[in-house]
Amino acid sequence: MDARYPGPNGLSNAMPLTAVAILPNRSLAQEFLRALPESQAFRIVAEWTGYPLPSKLEAQLRQSRPDVILIDVSADLVQSARLIETISGVSRPVPVIALHTANEAAALLACLRAGAAEFLYAPFTPELQRQAGARVATLLPTEREEHTKRGRLVVFTSAKPGSGASTLAAHTAFALHEVTGERILLADFALWSGTIRLLFKLPGAPSLAEALEAAEANRLNADPETWAALVQRKGGVDLLPSPGALSTGHADPSKLRRILDCARPVYDWVIVDLPTVFERLSLLMLPEADHGFLVTTPELPSLHLTRKAVSLLAQVGLSLDNFKVIVNRAGRADEVTLEAMAKIFKAPVYATFPNDYLSLHKSLSAGQPIGPCVLERALWEFARALCSQPRVEAPAPSLSTDAGRTLTYR
């Protein structure tokens, strides 16, 4: 973290808290920003002059990782409260300071209910800014928490159902185990269309349903004993299949993130099979992953939807640093070359996998990981490539060519 304050009563700060500011009311914005040079409480790294879409805000928070969010609630209390709720639901919640032109009780209550940590109203004196910054700083993770061991998160999604993303996710987990000998968790987050249970002929429980119940009851911990009771084991890999019964509701993304947060200190690798990329859960998970893969096939419908998916991901603020395109079931007889596919997607093809139907059918019939074949060799090469890549924090969005310049969004 960039800043540490001595406490609510200590007004001297070493460095300002990095902040994303959402300030539609420009009169309020001018008054707040006017006191910043003297207070040195916050360093604005991005400023929105209107309320952003939740998806765009979520993407930016995961990339720029600010210490605090400053949000004007005077322009539209309802919309700003929804954004505060959105911020509170991300995997790494960011403290929110709500800003208003006056001390309105109704606005204060609405903001606190939505999850705001502070409520400031004009005049925004330097002293009040420093005090708010000091209180918020006590909510930030400590250095020890920041450096807790976390296994690598690898996620697979697709633009079109049936592209083989689940199959690749599942067998990549086993390939990583064979290559590294490390602890691997394979989790099926495709709640309605998950196939991990089918691939390996798993019983109905335990499953993701039990993990969600544990997260809901605050019984989910980041220790091997907890996870031993929640997973099924196959070939040295721990499996967390989707629920056996068809789910009728939407799982809370915050609970699924809680599952990942508790799994990553226990496992060296967490492999997640996601629903299609057009679902909100996948859009939320992709920017959090160390490695994200968008799976397509050479068929024209899949290519068409993948092009739309790449465009969508760019619109919500994700770059090619956040995901890579994989072509599954590729072969020499494909009418569209890999170079042509890359032009269609406007994204390079990171890897290809052969169409080894007979080997997969044999594996599925036995309920076992895939045996020696051309596809297994491709998976092992893929696993080795993953291991060779250094862990890199997601870069901040490069939306300005001037170093140090505050980014302004509209």
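When only alpha carbons are used to place a centre, the range 273-290 and the range 62-127 end up 26 Å from one another. In the range 17-145, the alpha-carbon atoms span a convex hull of 96 Å³ per residue.
Structure remark: mean-square fluctuation, Gaussian network model of the chain, C-alpha springs under 10 Å; the largest value among Pro372, Pro206, Pro243 belongs to Pro372.
Evaluated on the range 97-190, the Kirkwood hydrodynamic radius is 18.2 Å, with distances taken between all distinct Cα atoms. Taking other C-beta atoms within 10 Å as the exposure proxy, Cys111, Cys262, Cys373 rank Cys373, Cys262, Cys111 from fewest upward. Treating each Cα of the range 104-259 as one equal point scatterer and applying the Debye formula with no solvent, the log10 of I(q)/I(0) at q = 0.13 Å⁻¹ comes out as -0.77. According to the calculation over all Cα-Cα pairs in the range 176-279, the P(r) per 5 Å bin from zero is 2, 13, 25, 27, 20, 10, 3, 0 %. Taking Lys and Arg as +1 and Asp and Glu as -1, the other residues whose beta-carbon sits under 13 Å from that of Ala330 total -3.
The order of Tyr267, Tyr357, Tyr350, going from fewest to most other C-beta atoms within 10 Å of their C-beta, is Tyr357, Tyr350, Tyr267. Measuring spread by the Cα atoms of the range 148-388 yields a radius of gyration and Dmax of 17.0, 53 Å.
The Kirkwood hydrodynamic radius of the range 312-394, based on inverse pair distances between different Cα atoms, is 15.0 Å. Cross-link pairs exceeding 19 Å in C-alpha to C-alpha distance, out of Lys56/Lys343; Lys234/Lys362; Lys324/Lys346; Lys56/Lys160; Lys234/Lys255, comprise Lys56/Lys343; Lys56/Lys160; Lys234/Lys255. Over the chain, the hull volume per residue, using the convex hull of the C-alpha atoms, is 153 Å³. The residues His177, His361, His171, when put in order of fewest to most other Cβ atoms within 10 Å, stand as His361, His177, His171.
Every number here is computed from the coordinates shown, using simple stated rules; none is lab data. All values reported here derive from a predicted model rather than from experimental measurement. Neighbour counts run over all protein chains shown; Cβ positions are idealised from the backbone, glycine included.
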